[in-house]
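In what follows, a structure is listed as structure tokens, so that the remarks can point back to it.
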Amino acid sequence: MTTPTQKEPALKAPPLKAKDAPGLTRFDWEDAFRMETQLSEDERMLRDGARDFAQSVLQPKVIDAYREASTDPGIFKEMGEIGLLGLTLPEE
């Protein structure tokens, strides 16, 4: 028996091993939340288009703007033209 000033040792859970949890070793760092499986084909196309725009158009402009300490408001017009600034919903 312990006195009120003594602490009892805390119980520790045994460490998990790969054999105890088969999915433990299959973590995908590229898709940590498994979003790829949750996206529709249209959503994937939108994601890919936005990524392509960001890499080919936006990135060079951002690098230049950073070097020159300037901004280019035309970026927003370009983003709007390809549908990145709002949803386009069909009329019912």
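The values are calculated or read from the model by the stated rules, or taken from the named source; none is laboratory data. From a predicted model like this one, the values you see are computed outputs, not experimental measurements. Heads up, the Cβs are rebuilt from the backbone with ideal geometry, glycines too, and the neighbour counts pull from every protein chain shown.
Worth a mention:
- Restricting the range 25-52 to residues that are more than 17 Å from the chain's Cα centre (by Cα) and part of a helix (DSSP H, G or I) leaves a set whose member that is nearest to residue 85 (Cα to Cα) is 42.
- Set 16, 24, 11: member being at pLDDT 75 or above and not polar (S, T, N, Q): 11
- Search result, residues across the range 41-74 that are farther than 29 Å from residue 31 by Cα, hydrophobic (A, V, I, L, M, F, W, C) and either in contact with a Lys or Arg (Cβ under 9 Å, 6 or more places away or on another chain) or surrounded by 12 or more Cβ atoms within 10 Å (Cβ to Cβ) (or both): 65
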